[in-house]
Amino acid sequence: MKKILIANWKMCDKSALDALHFLKDLPNPQKKDVRIAAPFTLIREMAGNSLKIRIGGQNMHSFSEGAFTGEISARMLREAGADFVILGHSERRHLLGETNEFIQGKVERAVVEGLSFVLCVGETLEEKELEETFDVIENQLDSAFDGVLEDQLESCGALIAYEPVWAIGSGKSAEISEIMKVHEFIKKKYDLPVLYGGSVNLENFQKLLGSRSIDGVLVGGASLGAATFGQMIQLLPEG
Ligand code: PGA
């Protein structure tokens, strides 16, 4: 299986011109699976780029339309040129109060719309210290996928990203042995690719992707510079 590299640009302060320059400075990924989850306002500009880097959103609502000020639907994302979306990122769960139930609605919507998605799961430091990691992850996965058939998940191109909350933006990535245990646990439950996210950088990139149970990485801070992200594209194993 091809390893997957996804940039999560979060609410980065890039103009449309910055984003186009960024793309221009990247090496051609050829047939590698490289994607960028961009802020909504950059999607249209970046989609359809000549490098064939897939452009996605970082969130969407579970309804297809309605009185939800400030929200965006799967179809609106599609219309802008996105072909995947991140769902359930911990910053939305913990800073913006997204519940497992809400995230389940989003998963269902993505499946109905046939929009590929990356479901993020992961424990907080407190949960880790209480040795609740596996329970938390199992609960997040089972709630999100409730009512959805595994075939449907596969056919819409669903991915799971294990992102321990304490590792995100902290400069302290989880140990490979810890990641492998969680990934193997997830893979036993769901036959989907499992990515790792949380302080991925150029130093740990190859080691992480060298592990058989890590199918790809979701990179935040280190994906914002074209030079570093370009090196990651070059180092990404072919298949
Ligand atoms: P980070 O973020 O690489 O900056 O830790 C990863 C993420 O939140 O997806």
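Every number here is computed from the coordinates shown, using simple stated rules; none is lab data. Here the structure is a predicted model, which means the values were calculated and not measured. Using ideal geometry, Cβ is built from the backbone for each residue, glycine included, and neighbour counts are taken over all protein chains shown.
Filter the range 59-102 down to the residues that are within 16 Å of the ligand (Cβ to nearest atom) and farther than 23 Å from Gly147 by Cα and list them by number.
Residues satisfying the conditions are Glu91, His94, Leu95, Leu96.
Only one of the numbered conditions (1) away from the ligand (no atom under 13 Å from the Cβ); (2) under 23 Å from Gln58 (Cα atoms); (3) touching a Leu at 6+ places or on another chain (Cβ under 9 Å) is violated by Pro237, and that is (2). Would you say Leu17 is without any contact (Cβ under 8 Å) to a residue 24 or more places away in the chain and at negative phi? Against the criterion (without any contact (Cβ under 8 Å) to a residue 24 or more places away in the chain and at negative phi), Leu17 qualifies. When the helices (runs of 4 or more DSSP H) confined to the range 1-113 are screened for residues that are surrounded by 19 or more Cβ atoms within 10 Å (Cβ to Cβ), those reaching at least 3 such residues are found at 40-46, 74-80, 100-113. Considering only residues that are hydrophobic (A, V, I, L, M, F, W, C) and touching a Leu at 6+ places or on another chain (Cβ under 6 Å), which ones fall in the range 27-50? Correct list: Val34 only.
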